[in-house]
Structures are given as C-alpha cells and as structure tokens.
Amino acid sequence: MVSVIEPAAEVYWDAVGVIMDLEGTHEIEPRSDEEWEAVENAAWVLAESGNLLLMEDRAQGREHWIAMSRAMIEVGRRAVDAAVAKDPQAVFDVGAEVYFVCVGCHAAYAAETIRPSDVADSAAEANANRPPGHP
C-alpha cells in the first residue's frame, strides 16, 4: 500500500487543484504531454493495484475485500479515462472518488491510517446515533 498505491494516488490527487492565497487564485493542472502521461501512469497503477489486491493469498474469500478491490479497479479505470482525455475537471472529480474508495477500505482494514479528524467525526456520528442511555 505505502510503496505502490499511496504514491500513485498522491500523484493523481496533486495533478489538479486550485490554490487561493493573497496573490490570487492559482490553478494547478498538467501543462505538457509528459505531465499528463504521469497522471495517466498513476491512474493505471491505481487500477492495476485493485487486481493485485484480488490475488488469492490476499482476498481469501473475504467478500468485502473483494468488493473494495473491484471498486479500486473501476475507479482506477475512470481515472485513466480522465487522464487520457486530458480533462482537468474529470481528473479532479474522479480524484474524489479515488479518495472515497481508499477511505472506505481503510475504515475496514486499516483504521489507524485514517486522519484523526476522520476518526473523531466517525466516533461523534456513532455516538449521536446511539439510543438514549446506551453507553
């Protein structure tokens, strides 16, 4: 995860965005064919990583794991399509979907990797949904 998926996701997420500061608004997006190729390559790594997660010794009949792995393949393919189209808005939008797939899997299998604010938000939500008087 740390050596393959995370670096690819970071390349994809960092490819497009907006920074607003005292000097104005700065749009970030790939400007050359080489930069777009890097985004596409990162997307392929995400898609193919889903296949790696489906290897028998990893999946071992765990239905949720299999579903999350297939979700990574699907969102990775959409990420590839957005990069191939050189569509900054599509890359941005699919980047959000990549994030949700990652967080969904981490919530089940690597909760310690979720940011503390995410864990606090989840705990607060769980407490809010408990019946009165329930510990």
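The values are calculated or read from the model by the stated rules, or taken from the named source; none is laboratory data. The structure presented is a predicted model; accordingly, all values stated were derived computationally and were not measured. FYI the Cβ positions are ideal-geometry reconstructions off the backbone, even for glycines, and counts take in every protein chain you see.
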### Task
Return the only residue of E34, E40 being acidic (D, E) and touching a residue at least 24 places away in the same chain (Cβ under 8 Å).
E40
### Summary
Checked pairs for segment 70-99, first among the aromatic types (F, W, Y), second surrounded by fewer than 23 Cβ atoms within 10 Å (Cβ to Cβ) and part of a loop (DSSP other than H, G, I, E, B), C-beta under 8 Å and 6 or more apart or across chains, list as F92/V16
### Query
If you check I73 against the conditions, is it surrounded by 14 or more Cβ atoms within 10 Å (Cβ to Cβ), modelled with pLDDT under 95 and on the phi < 0 side of the Ramachandran plot?
no
### Query
Going through segment 12-61 one residue at a time, which ones are of a type in the set (K, R) and within 21 Å of the chain's Cα centre (by Cα)?
R58
### Summary
Expected single match for at pLDDT below 95 and out of contact with any His (no Cβ under 9 Å at 6 or more places or on another chain) among P30, P88, P135 is P135
### Query
For segment 1-70, list the helices (runs of 4 or more DSSP H) that sit wholly inside it and hold at least 2 residues that are surrounded by 14 or more Cβ atoms within 10 Å (Cβ to Cβ) and β-branched (V, I, T); which are they?
5-14, 33-53
### Task
Output the residues belonging to segment 9-27 that are touching a strand residue (DSSP E or B) at 6+ places or on another chain (Cβ under 8 Å) and closer than 16 Å to V94 by Cα.
D14, A15, V16, G17, V18
### Query
Somewhere in segment 99-113, is a residue among the charged types (D, E, K, R), out of contact with any His (no Cβ under 8 Å at 6 or more places or on another chain), part of a helix (DSSP H, G or I) and surrounded by 14 or more Cβ atoms within 10 Å (Cβ to Cβ)?
no
### Message
Take the residues in segment 1-17 that are among the β-branched types (V, I, T) and more than 17 Å from A82 (Cβ to Cβ); name whichever of them is modelled with the lowest pLDDT.
### Response
V2
